[in-house]
1. Filter the range 76-134 down to residues that are hydrophobic (A, V, I, L, M, F, W, C) and touching a Phe, Trp or Tyr at 6+ places or on another chain (Cβ under 6 Å) and give me whichever is modelled with the highest pLDDT.
2. Taking the residues in the range 80-128 that are touching a Lys or Arg at 6+ places or on another chain (Cβ under 7 Å) and assigned to a loop (DSSP other than H, G, I, E, B) as candidates, determine which candidate is surrounded by the fewest Cβ atoms within 10 Å (Cβ to Cβ).
3. If you take the residues of the range 40-68 that are out of contact with any helix residue (DSSP H, G or I) (no Cβ under 9 Å at 6 or more places or on another chain) and assigned to a helix (DSSP H, G or I), which of them is farthest from residue 21 (Cα to Cα)?
4. Does residue 11 satisfy the condition of being part of a helix (DSSP H, G or I), modelled with pLDDT of 95 or more, closer than 30 Å to residue 124 by Cα and not polar (S, T, N, Q)?
5. Mind listing just one residue for me: the one in the range 14-29 that is exposed (fewer than 13 other Cβ atoms within 10 Å of the Cβ) and farther than 18 Å from residue 96 by Cα and, of those, modelled with the lowest pLDDT?
6. Sort out which residues of the range 42-101 are polar (S, T, N, Q) and under 21 Å from residue 9 (Cα atoms), and write them in order of number.
7. Of the residues 11, 77, 50, only one is over 12 Å from the mean Cα position of the chain (by Cα) and of a type in the set (A, V, I, L, M); which?
8. Residues to consider are 37, 14; find the one that is among the small types (Gly, Ala, Ser) and touching a residue at least 12 places away in the same chain (Cβ under 8 Å).
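The values are calculated or read from the model by the stated rules, or taken from the named source; none is laboratory data. Not measured: the values here are computed from a predicted model. Glycine also receives a Cβ, built like all others from the backbone with ideal geometry; neighbour counts cover every protein chain displayed.
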Amino acid sequence: MYALKYPAFWLASGYTIAVLIIALSLLPGLPGPDTAGFDKIAHGLMYATLAAWFCGIYRPAKWPVLLGVFAALGGLLELAQSMTMARSAEWLDMLANLVGLGVGLALGWTLLAGWCGWIERRLGLAVPGGEADT
């Protein structure tokens, strides 16, 4: 984990994103645009956000584990959807989740690695020496 002054805040926010993804995946379909593929874009954006969020908290050595957990979450949610009357499972949704994770990882690798620490430093909240593991 990156050295952060408020790791509990960043983690709780990330878990909140995960809970929202779970809820949105299992609740009956929400009204949205009738544009073909909109739900695939939504899947991709949700999982890209999740991956990019945690790339700001954890160092790259932990990213494979996080991505594995998030991919498993997506698969389990698709399985759970297949067991409900209100939702249906689709392989393309799982593919969109995986593409989103890849995009989030790419953003984390190129632009957003440690972004939580960057925000803390910009706000003058950083841990002194701010690069040590915690």
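1. 101
2. If we take residues in the range 80-128 being touching a Lys or Arg at 6+ places or on another chain (Cβ under 7 Å) and assigned to a loop (DSSP other than H, G, I, E, B), then 125 is surrounded by the fewest Cβ atoms within 10 Å (Cβ to Cβ).
3. Among them, the one singled out is 61.
4. Judged against the criteria, residue 11 is a match.
5. Checked the range 14-29; the qualifying residue modelled with the lowest pLDDT is 28.
6. Selection gives 49 alone.
7. Exactly one of 11, 77, 50 is over 12 Å from the mean Cα position of the chain (by Cα) and of a type in the set (A, V, I, L, M), namely 77.
8. One residue alone meets the criteria, 14.
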